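Worksheet for the structure shown next.
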Amino acid sequence: MDLRYSDEDIAFRARAREWLKDNVPQERRPASGKAASQFDRDWQGKLFENGWAGVAWPKEYGGLGLSGLQQVIWYEELSRAHAPAQHISTAYVAQMHAGPTVMARGTEEQRAFHLPRILSGKSLWCQGFSEPNAGSDLAALKTKGTVDGDTIIVNGAKMWTTDAAHADFMELLIRTDPDSQRHKGLTWLICDMTTPGIDIKPIRTMLQDDHVNMVFFDDVRIPLANVVGEVGGGWSTALATLSFERGLGFIADQLELFERVGRAIELAGTVRLDDGRLAIEHDDIAQRLASIKADTMAIRAMTLAEITETDRTGEPGPKGSMMKLMVTTTHKALSQLVGEFLGWGFMEFDGDRATNPWTHDYLWSWVFSIAGGTNEIQREITADRVLELPKAR
Amino acid sequence: MFLAPEGDEAEIADAAAAFLSDALPIERLHAPDCADMDASLRALLGEMGWFALALPEARGGSGLTAVEHALFFREVGRQCGPIDILAQALAANLCSSAERREALVAGAKGVAMLVADGDCWRLLGSHEAELGLLVTPEDASLYSLADAACEDRAALDPANSLRVVSALPDPLESREGEQLWQLGQLGAAAMLVGIGEAALDLIVDYAKVRETFGRPIGAYQAVRHACADMAIRTEAARAQLWYASTALKESRGDASAHIDAAKHLANEAAMGSADANIQLHGGIGVTDEHDAHLLLKHALLLTRIFGSKRGLLSRLLHARLED
Ligand SMILES: Cc1cc2nc3c(=O)[nH]c(=O)nc-3n(C[C@H](O)[C@H](O)[C@H](O)COP(=O)(O)OP(=O)(O)OC[C@H]3O[C@@H](n4cnc5c(N)ncnc54)[C@H](O)[C@@H]3O)c2cc1C
C-alpha cells in the first residue's frame, strides 16, 4: 500500500490549482431556466478549450487520457476552488454517464458524433429511464417502441427526467418487443430532443424548482442507427449506464463533501446559539461535526482505494452501491446538523443554491437518497452482489 | 497510490490468518482459563517473529512497517486475540536495552497492558507477564510487575483477565513521543476491524441457512439491510485503517489525524456489527456457547484503549489534513 502521488500527479494538481485560481467563474450560476443551462454549457466549453475536459477519458475520444487518480485530483481542486458544483449542473448526465455509455457501447459513428459535443459542452443530455410505474423496478417499464423500416416509433411517458427541457439528447430506454417480460426486449436509444412528438411537462419539487419533468412521446420517430447496443439488448446497455452513474457519478460529490464539512466546522465557529455560546462550543455539535469529518475521511479513503484499484484492473468493482449509501447518509447527517445550529437563516430559502447552499443541500439530501436508485435499493444491491445473501425479490 | 494489501503484504496477512486460526482459534474462549496470552503461546508467537513486525531491522526486528503491523492485528482481532499480544509488540519497540528487547521479541518474557484509571491502573494480560506497558499520547513506559500491588477482578471479556494496580514502581524505561501510541492505536483499530469483519461473516453465513416462515432469514429485508449497513461501516473503517497505517509508514504530517479517524471508525463499526450480529441471530445469539458475545465483549474492551469516542473526536475536529 502507498499514498504517494507520482511526479505527474503532483504537477497535474499544481497546474489545475493554478488554472482554477484565475478561471473559476466569479458570477453566480443562475438558479434555473435557460440561463442556468447556458452557464453550464459555457463552463464546460471553457474547460474544453483550456484542455481540462474529460480528464480520464481516452485521448482518442478527445479526453486527456489521464488516470482515475488524476480525475480525483481534478475534482478535489474543483471543489477547493469553489467551482460550479457538479451535482446541480445540467451537464451532469452527459459527462458522468451518457458519454461513458456511448464510449463503452456505442458505434464508431455514435462516438465520433457525440463524444466531442459532450466534452465541449455543445450537447447536454438527460436520462429517460424511470416511468410513472417503473422506478426502483426499472424493468417494469412500458414505453413502447415499434420498429418500422429504419426507424423506431416511440409512444409512452417517462417521469422524473431531470433537465429534460435543456437537454439536446436523451438516454431513452424503451420496450421494443411488446410480448417481452422484464429485462428482455428492451432497447437503449439516443433520442434527439428536437424530434417532433416530444412533449415536456415540468414537475415542481420541494426544492422550489422545475428541474424534473414528465416527458411524453407521441409517435416519435428515432433512427435505428441511434440504438446503443442491440435492439432487444437494452438492459445490458442500461446496466452499463447505471454502473457509471453509481460508480463514478458521485465522485465529485464524495470529494466535495470532504470540503463541505470543513466549511461547516468554520461556520459553527461563527454562529452563536440562544445561550450566547458559539455552536462549536457545544459538545454535542462539536462531536457530531468531528464524527462526520471522520466519515468523510473514510469516504475519501474508499474513493482512493476504489479508483486506484480500477486504474489497475480497468474495471470498477461491485462497491459503487456501498459508496453511494455512505455518501448520501453522510450528506444528510451534515446538512441536518447545520440546519440545527444555523438558526433562522436556515429558514430563508428562495430556491437558489447560491443564496443558501446549506438549506439547498438539506433539501437535496432526499434527491441524493432517491435518484439514481434509492438507498433501500442500494442496500438490496449490496446484499445481493457484495454479501451474496438469498434473494429478496 | 494504492490502498489494498498487495504482494508481500497480502502474503503476510494470509500467513497470519492461517497461523492464528490454528494457534489462537476463537473457540478457545469457550474453555475454562482461556484468558490472556500464556507463556507457551507467547513463545510460539515469538518464534514466528510476530512481535517484531514493526521493529526496525537494525534492532532485531523484521524491518516491516505499520502496514504489516495493522494487517497482523486485524487477524488477531478476528480471533479475539488477547491484548497482551499488542502490549508485547509495542514493548519490543520501546526497549532500548538489547537484551530485554531480544527476550520480548522471542516471547521469553511477557508484557501486559496498563491503562490509567483514576488514581489506579487497570492491568490487562497474563499473570505470567513480568512487565507492564503504559502508553499515552505523550510517552510510553515499561514497568516491572514483580512488586506491583495487583488485585484480581472478575472480567467481562473472557479474552483478557482484568486486574487493578494501586501502585507502580519507577519505570524500567520510558520513551517520549507519540510513536508507540500511534502503533497502539493502529493495532487496536485493526483488531476492531477484524472483529467487525468476523461479526459480519457470522451473520451472513447464518442468514443463508436459518429459515423462518419457509424462507432463509437472509431473504428478509430487515435482515439484509442491517447486514448491508454492517458491511458499509466495516468497509469504511477498513479503508481508513489502510489509509492511516500507510500514512504512518510514510511519516506523513497528518498521520495522527488519520489514525484518530481510523480508531474512531473502527470503534463504531465493531460495536455496531457486534451488536447487530447478536440481534440478527435471535435467541442463539445470546447464548454462552455462541461466539457472538465474545466479539462484543472484546470490542468493548478495545474501544476503551488507545482512544475512545470523546478524546478522538475532540482531537479530530480541527485537525489539518494533507492532499
Ligand atoms: C429529483 C429526482 C430526479 C430524478 N432524475 C431522474 C432522471 O433524470 N432520470 C430517470 O430516469 N430517473 C430519475 N429519477 C427517478 C429515480 O431513479 C426514481 O425516483 C427512483 O429509482 C425510485 O423510484 P420511484 O420513485 O418509482 O419509487 P418506488 O420504486 O415506487 O419506491 C417507493 C419506495 O419503496 C422503496 N422500495 C421500492 N422497491 C423496494 C424493494 N425491492 N425493497 C425495499 N424497498 C423498496 C423505495 O426505496 C422507496 O422508498 C429522479 C428522481 C428524483 C426524486
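The values are calculated or read from the model by the stated rules, or taken from the named source; none is laboratory data. Note that the structure is predicted; figures quoted are calculated from it, not measured. A quick note on method: Cβ atoms are made from the backbone with ideal geometry, for glycine too, and the neighbour counts reach across all protein chains shown. Ligands, DNA and RNA are excluded from the accessible area calculation, which covers all protein heavy atoms including side chains. Shrake-Rupley method; radii C 1.70, N 1.55, O 1.52, S 1.80 Å.
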(request) Within 10 Å of each Cβ in peptide B:254-265, how many partner chain Cβ atoms are there on average? Round it to a whole number, please. (result) 3
(message) Using a Gaussian network model on chain A with a 10 Å cutoff between Cα atoms, which of A:GLY121, A:GLY197, A:GLY372 fluctuates the most?
(response) A:GLY197
(message) For chain A, set up a GNM with springs between Cα atoms under 10 Å and report which of A:HIS282, A:HIS97, A:HIS114 has the largest fluctuation.
(response) A:HIS282
(request) Report relative contact order for segment A:271-393 in percent, whole number only (criteria: Cα-Cα under 8 Å, sequence separation at least 6). (result) 24
(message) Cβ neighbours within 10 Å, averaged per peptide: list B:90-97, A:324-331 in order, most packed at the top.
(response) A:324-331, B:90-97
(message) Given bins 10 angstrom wide, list per bin the percent of all Cα-Cα distances in segment B:179-317, short to long.
(response) 13, 40, 27, 14, 5, 0
(message) Of A:THR308, A:GLY345, A:ASN356, which is farthest towards the positive pole of segment A:247-386's charge dipole, taken about the Cα centre with +1 and -1 on the beta-carbons of Lys, Arg and Asp, Glu respectively?
(response) A:THR308
(request) Quantify how strongly other chains surround peptide B:307-317 by giving the mean number of their Cβ atoms within 10 Å of each of its Cβ atoms. (result) 4
(message) Sort B:262-268, A:138-144 by packing, meaning the average of other beta carbons within 10 Å per residue, with the highest value first.
(response) B:262-268, A:138-144
(message) Rg and Dmax in Å for segment A:247-386, alpha carbons only: what are they?
(response) 16.6, 55
(request) Give the Kirkwood hydrodynamic radius (Å, one decimal) of segment A:306-393, defined as one over the mean of 1/r across all pairs of different Cα atoms. (result) 15.1
(request) Determine the calculated [θ] at 222 nm for the protein assembly as shown from helices alone, applying -39500 (n - 2.57) to every DSSP H run no shorter than 4 residues and normalising by the residue count; nearest 500 deg cm²/dmol. (result) -15500 deg cm²/dmol
(message) What's the total accessible area buried between chains B and A, using a 1.4 Å probe, rounded to the nearest 100 Å²?
(response) 4500
(request) Please work out how much accessible surface B:LEU3 shows to a 1.4 Å probe, ignoring ligands, DNA and RNA, in Å² rounded to 10. (result) 10
(request) Provide the solvent-accessible area of B:GLU57, counting protein heavy atoms only and rolling a 1.4 Å probe, rounded to the nearest 10 Å². (result) 140
(request) Determine the per residue accessible area of the protein assembly as shown with all protein chains present and a 1.4 angstrom probe, expressed in square angstrom. (result) 40
(message) What three numbers, in Å, describe the spread of the alpha carbons of chain B along their principal axes, ordered from the longest?
(response) 65, 50, 38
(request) Round to the nearest 10 and give me the degree value, 0 to 90, for the angle of helix B:255-281's Cα axis relative to the longest principal axis of chain B. (result) 40
(request) Could you please state how large a percent of the accessible area of segment A:1-56 is carbon and sulfur, counting protein chains only and using a 1.4 Å probe? (result) 50
(message) From the alpha carbon gyration tensor of chain A, can you work out the equivalent ellipsoid semi-axes (sqrt of 5 times each eigenvalue) and give them in Å, largest to smallest?
(response) 35, 24, 22
(request) Scan segment A:172-240 for trypsin sites (Lys or Arg not before Pro) in coil per DSSP, keeping those whose Cβ has at most 14 other Cβ atoms within 10 Å, and list them by number. (result) A:ARG182, A:LYS184, A:ARG204
(request) Please name the residues of segment B:1-34 whose accessible area, counted over protein heavy atoms with a 1.4 angstrom probe, falls by no less than 10 Å² between the chain alone and the full protein assembly. (result) B:MET1, B:PHE2, B:LEU3, B:ALA4, B:GLU6, B:GLU9
(message) How shielded is B:240-247 by partner chains, expressed as the average number of their Cβ atoms within 10 Å of its Cβ atoms?
(response) 5
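Top to bottom by accessible area (1.4 Å), largest first, where do A:MET206, A:MET159 land?
Listed by decreasing accessible area, they come as A:MET206, A:MET159.
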(message) Solvent-accessible area of B:ASP22, probe 1.4 Å, all protein chains present, reported in Å² to the nearest ten, please.
(response) 130
(message) Averaging the inverse of every distinct alpha carbon separation and then flipping it gives the Kirkwood radius. What is it for segment A:7-89, in angstrom units?
(response) 13.4
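Excluding B:GLU250 itself, calculate the net charge of residues whose Cβ lies under 15 Å from the Cβ of B:GLU250, where each Lys or Arg counts +1 and each Asp or Glu counts -1.
Once positives and negatives cancel, what remains is -4.
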(message) Give me the percent of accessible area attributable to carbon and sulfur for segment B:179-317, probe 1.4 angstrom.
(response) 53
(request) With a point put 7 Å past each Cα toward its Cβ, work out how far B:GLU322 is from A:ARG204 in nm, to one decimal. (result) 5.3
(request) Write down the radius of gyration of the protein assembly as shown and its Dmax, each obtained from C-alpha positions, in Å. (result) 28.3, 96
(message) Could you check the spin-label model distance between A:ASP137 and B:MET48? Points 7 Å from the Cα along Cα→Cβ, value in nm.
(response) 5.2
(message) Helix A:108-119 against the longest principal axis of chain A: what's the angle in degrees, Cα atoms only, rounded to the nearest 10?
(response) 30
(message) Order A:VAL147, A:VAL212, B:VAL111 by their accessible area, 1.4 angstrom probe, all chains in place, largest first.
(response) A:VAL147, A:VAL212, B:VAL111
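Pull up the DSSP beta bridges for chain A and report the antiparallel fraction as a percent, rounded to 5.
85
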(request) Note the angle between two axes, namely the Cα long axis of helix A:283-313 and the longest principal axis of the Cα atoms of chain A, as a number of degrees from 0 to 90, rounded to the nearest 10. (result) 40
(message) Keeping all protein chains in place and using 1.4 angstrom, which order do B:CYS120, B:CYS80 fall into by accessible surface area, from largest down?
(response) B:CYS120, B:CYS80
(request) Output ³J(HN,Hα) for segment A:89-102: one whole-Hz value per residue in order, computed from phi by the Karplus curve 6.51 cos²θ - 1.76 cosθ + 1.60 with θ = phi - 60°, and x for Gly and Pro. (result) 6, 6, 8, 4, 4, 4, 6, 8, 9, 5, x, x, 5, 4
(message) Using the Cα centre of chain A as the reference point, and only Cβ charges (+1 on K/R, -1 on D/E), how large is the resulting charge dipole? Debye, rounded to the nearest 20.
(response) 200
